[in-house]
Amino acid sequence: MADPVNRRPYRSPLRAERARRTRRRVVAAAIDLFLARGYAGTTLAAVASEAEVSVDTVFHLFGSKRRLLQAALDTVVGGDDADVPLLDRPDPQAMRAETDQRQQVAAFAHGILGQLERIAPVDDMLRSAAAVDADVGALRDDLHLRQRRQAMTTVAGWIASNGPLRDAMPVDEAAAVLWALTSPELHHMFRVHCDWPPDRYERWLRTTLEDSLLP
């Protein structure tokens, strides 16, 4: 009897690219609808219609509206749908490679401004939805209380690796300063309530971080 042939599963690059385009289209439609209608007012059927796919396709890709919201958040925070952790992307890695602490802070302030500007409309929607939906509240808490705090600890370590911090500040304290000064709430206060343009906010953030963190 002949040995059984081990067949490798067939993978079509064309099919994979088509699936990526469909996923990207569904996420873009979801972002538009979440912003226009809010989380509660957006249905998977509406997203499917906007993306010109079937509801089954949306469900197959994401499984639930909450997972679709998570995918939308990942895209907005990262600026694209690349499957690369935020801090492993080129701009954060360039900031990490910089050896001058003040240049690191300047690069960080510029990069975080772009991220805050991108997420501001979505975070406003999340804040409203979290007041009435515990799952969305947990998602927002995880984003800001765990993921963002963890990222700031990493960034604080990058800055501390190039020299001492002000008054021998420990890294965890520096991380708390970064986390607080780059909060969406503070960004909203300056950009919306104080009507600051982006470049003024960036200057304020850079100089405040320098004064708070560096000798």
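The values are calculated or read from the model by the stated rules, or taken from the named source; none is laboratory data. None of the values given here were measured: they were computed from a predicted structure. Positions of Cβ are generated from backbone atoms using ideal geometry, with glycine treated the same way; all protein chains shown enter the neighbour counts. Side chains are part of the model used for accessible areas, which takes the heavy atoms of the whole protein and leaves out ligands, DNA and RNA. Shrake-Rupley method; radii C 1.70, N 1.55, O 1.52, S 1.80 Å.
Viscosity 0.890 mPa s, temperature 25 °C: give me the Stokes-Einstein translational D for the chain in µm²/s, with Rh taken as the Kirkwood radius over C-alpha pairs.
It comes out at roughly 126 µm²/s.
Quick one: helix 198-213 against the long Cα principal axis of the chain, what's the angle to the nearest 10°, folded into 0 to 90?
Taking Cα atoms only, the helix is inclined about 60 degrees.
In the chain, carbon and sulfur make up what percent of the accessible area (probe 1.4 Å)?
C and S fraction of accessible area: 53 percent.
Taking the solvent-accessible surface of protein heavy atoms with a 1.4 Å probe, what is the per residue accessible area of the chain in Å²?
I get 58 Å² per residue for the chain.
Tabulate in residue order the Karplus-calculated ³J(HN,Hα) for segment 39-54, using 6.51 cos²θ - 1.76 cosθ + 1.60 with θ = phi - 60°, rounded to whole Hz; enter x for Gly and Pro.
Whole-Hz 3J(HN,Hα) from phi for segment 39-54: 5, 5, x, 9, 10, 4, 5, 5, 5, 4, 5, 5, 8, 6, 9, 7.
Rank Gly163, Ala180, Val192 by how far each Cα sits towards the positive end of the charge dipole of segment 155-215 (+1 on Lys, Arg Cβ; -1 on Asp, Glu Cβ) and give me just the farthest.
Val192
Roughly speaking, what is the centre-to-centre gap between segment 83-106 and segment 174-215 when only Cα atoms are used, to the nearest Å?
Cα centroid to Cα centroid, the span is 18 Å.
Any idea what angle helix 171-181 forms with the longest principal axis of the chain, computed on alpha-carbon atoms, 0 to 90 degrees, nearest 10?
That helix lies at roughly 80 degrees to the long axis.
Which part of segment 52-81 falls in the paramagnetic zone of Asp142, meaning amide N under 18 Å from the point 7 Å along Cα-to-beta-carbon?
Only 61-78 pass the distance filter.
Hey, what angle do you get for helix 148-160 against the long axis of the chain, alpha-carbon based, 0 to 90 degrees rounded to 10?
Rounded to the nearest ten degrees, it is 50.
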